[in-house]
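The values are calculated or read from the model by the stated rules, or taken from the named source; none is laboratory data. Not measured: the values here are computed from a predicted model. Ligands, DNA and RNA are stripped out before the accessible areas are found, and what is left, the full protein with its side chains, is counted by its heavy atoms. Shrake-Rupley method; radii C 1.70, N 1.55, O 1.52, S 1.80 Å.
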Amino acid sequence: MQDAKNEVVITIIAVIIILLFLGVLFLVMLFYYNNKKVQMNKETQLMRATFDKQLLESKLEIQEQTFDMISQEIHDNVGQILSLAKVQLGIMEQKQTVNGELLGNVKESISLAMTELRDIAKSLSSQRVQQVSLQESISQEIRRINRSGFIKISSDVQGTEKNIPDQHKLIAFRIVQEGLQNIIKHAEASDVKVSIRYMEDRMYITIFDNGIGFNPEIQLKKREGLGLQNILRRATLVGGKAEIISKPGEGTTLQIQMTYV
């Protein structure tokens, strides 16, 4: 009888010990889980803050480069057109007569300059780029560059544009814009092709030029390669990827891949 009672007591004590052990284990696991959750939240906030900082820096770089590009465009294109109009008006002033044909040329030059300024203003406006389709923004930029006569750019679109987030759309356009400006400045190309392909969950943009080409690995290490580094980094910021394929004497291909989310 006594042995049976002892067994019952031992059993109860064992059960209590097991329950206490399980309780302590549960508390330890709960503490670990909460601690891990807090740590993950901190890391997430840090990553978000880092991403926001990189995105802001990228926006500021884009703005600075866009302003430089616009300044150059106004100097090279609009400035030349208005200078021509000034010369034409000077000729009429010297002759002290109004030449109908010459006056028509002046009006045409001023109209062309106004068109250039409007297109430059459109390409400069981030709000407008976000309001219209990506395809329309790129087409507008291509038409503007083609009017200058410096280079010939053709485009090809496959598929239908999806609902692209404004941030993705803006960065994609600025990458294309910078890619085209790099071609004009450095590639010595006569022909450029821009291809946009819309897939179900992502889009591909390819810019090919028949210029002099270069070694991307060497160029990216140089100070002059900062523009190329910016292109690669900006694509990564919105979950995309950019690749530069080039060889000396064989032209250059810039491939951009971006998801819609």
Probe 1.4 Å, heavy atoms of protein chains only: per residue, the accessible area of the range 168-261 in Å² is 48 Å²
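Tell me, Kirkwood radius of the range 156-212 from alpha-carbon pair distances, in Å? Write down the numbers at each step before the final one.
Values: mean 1/r = 0.0807 Å⁻¹.
It works out to 12.4 Å.
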For q = 0.14, 0.18 Å⁻¹, what log10 I(q)/I(0) does the range 209-261 give under the Debye formula with an equal point scatterer on each alpha carbon and no solvent? -0.38, -0.60
In the range 171-261, how many lysine pairs have Cα atoms under 20 Å apart, counting only pairs 8 or more places apart or on different chains? 9
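What is the extension gain from N210 to Q135, computed as 0.36 nm multiplied by their sequence separation minus the C-alpha to C-alpha distance, in nm to one decimal?
This chain segment gains 24.7 nm when fully extended.
Please compute the length gained on full extension between T236 and N105, using 0.36 nm multiplied by the number of residues separating them and subtracting their Cα-Cα distance.
Values: separation 131, 0.36 × 131 = 47.16 nm, distance 4.80 nm.
Answer, rounded to one decimal: 42.4 nm.
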